[in-house]
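Heads up: the structure comes next, in structure tokens.
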Amino acid sequence: MGNLRIKSKQRFQKSLFKRLGLLVFVFTITLTSVLYYQLQYSFTAPDSILDAHETYYYSEMVSKWGNPPDTNQVSKEINNLKMWCGIFKRDITELGIAYPGKVYWSNLPSNILPEEFIQFHKSSEFETMYGIKIPLKVFFGEINTMSVTVVDNGNYLFYLAIDYIPPAEINNLLFAFILAILFIIGLYFFIHRYLRPVQLMKNRIEALEEGDLKSKIEIIGEDELADLSYSMNQLIMDINILLENKHQLLLEVSHELRSPLARMQLLIAMMPEHKNLTKLKEEVEFLEGMIGNLLFSDRLSLPYSKLDLQKFSTQDIIGKVMDMFPTNRDRVKIDNNIPDKQVYIDETKFSLALRNLLDNAFKYSKPQANADIKLTVVKNGDIEFQVKDSGIGISKDDINKITQPFFQANQTVSTKGFGLGLTICKKIIESHKGRLSISSEPEEGSLFILHLPKI
């Protein structure tokens, strides 16, 4: 169940809907930009065949005006097309470049000055590109950022500009983006509604982590997600049955084992004094302790194990733990720098964790050596309960394994144990959202620290 909890947190640590929304957003914006650019380019690129056709039509229109131009026809057509036009005598420089000379006829605005014309493309380029024969020379360019076309009929230069200021391209782009965002919002709500069973499954797994093995996922629809929801409900039900069966089996086995142990204790008490009597008592107590620890370890492993969390002072916790060692009380050296600090714990379970650490310190230290308890507050506000022994130390390889059930480091052959003490300590502190850390130096002892989060 611990692995299931870790995998579930990793799987759902990021919102699926947010990731889908981001994917749809990026895809839509990219698609909109590409389509807009492609369509805009098709109609505005100066080297398209449409521009070649436009060049030809300008050439034909100016050819019909005559040479010299009929100003009445020019005025009529220019007004009809909502255009401006300026006709100038053609002036040739010594370089062979035509410039506008004397004004022949013009209705150009004052801000359109022919001498400021900047050329971009000319008709000869389109003739080469598309093989279209264009009668007159035509030039595309601009004056003061306004698009202007110049037609050269050999005697006159015709400056043509549209009497219309098109809307800025940014407006079209903004409109496209607004439509895209509206589409994304609608699609997001559709996806959120359609994938609601995924959210329900996420909530169910979080409830499972909190110990809820009874509630079920609501089945929505009849598709694959509905099948998955049903399968998860069935899986959790099976897990619940397996856990209950396992726990019940341990209870029954422990009961069957404790009955003969109780009879053995009674018989030992009735036996006359013998040199092996003490050894028999120790073995019976060892078996009794093993059964108790197995049951307690199993309860801590269940996802529905609850903590009776209350506020206690560190002074009270240390006092309660010390009362568990009446004969070894004088072997404990306490260094408490935070006597009035409040902690939020399950008193019974947390005291048991400290008791196990002290018990190990006595077992694995040198004969009659002291065990040290130190309380301190670290920078982030966490409280540390440190227990140090004076044993022979633990190898680095064993430190990584020592909290595993039934594992015992090869320290001494005379020390009895069954390898559950540190396992229980680790489960207790982790159930309090804390952690157990272990460090050791050869021949200098080991240090065990219970890191308890601040309230």
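The values are calculated or read from the model by the stated rules, or taken from the named source; none is laboratory data. Every value quoted in this text rests on a predicted model; they were computed, and no experiment measured them. A quick note on method: Cβ atoms are made from the backbone with ideal geometry, for glycine too, and the neighbour counts reach across all protein chains shown.
Checking each residue in region 172-192 for being of a type in the set (Phe, Trp, Tyr) and either within 16 Å of Leu31 (Cβ to Cβ) or surrounded by 13 or more Cβ atoms within 10 Å (Cβ to Cβ) (or both) picks out Phe175, Phe177, Phe183, Tyr188. Checked across region 101-119, the condition of being exposed (fewer than 13 other Cβ atoms within 10 Å of the Cβ), β-branched (Val, Ile, Thr) and at pLDDT 90 or above holds for at least one residue. Apart from one condition, Gln368 fits all of (1) surrounded by fewer than 16 Cβ atoms within 10 Å (Cβ to Cβ); (2) at positive phi; (3) at pLDDT 80 or above; the exception is (3). With respect to the conditions (1) farther than 20 Å from Gly434 by Cα; (2) free of Cβ contacts under 8 Å to residues at least 40 places away in the same chain; (3) assigned to a helix (DSSP H, G or I), Ala369 falls short on a single one, namely (3). Can you say whether Lys379 is closer than 17 Å to Asp330 by Cα, assigned to a loop (DSSP other than H, G, I, E, B) and not hydrophobic (A, V, I, L, M, F, W, C), as far as the supplied structure shows? The answer is no for Lys379.
Taking first residues from region 313-327 that are without any contact (Cβ under 8 Å) to a residue 40 or more places away in the chain and partners that are loosely packed, with under 15 Cβ neighbours inside 10 Å and part of a helix (DSSP H, G or I), the Cβ contacts under 7 Å between residues at least 6 apart in sequence or on separate chains come to Met322/Arg329. Yes or no: Ile112 β-branched (Val, Ile, Thr) and without any contact (Cβ under 8 Å) to a residue 40 or more places away in the chain? No: the conditions fail for Ile112.
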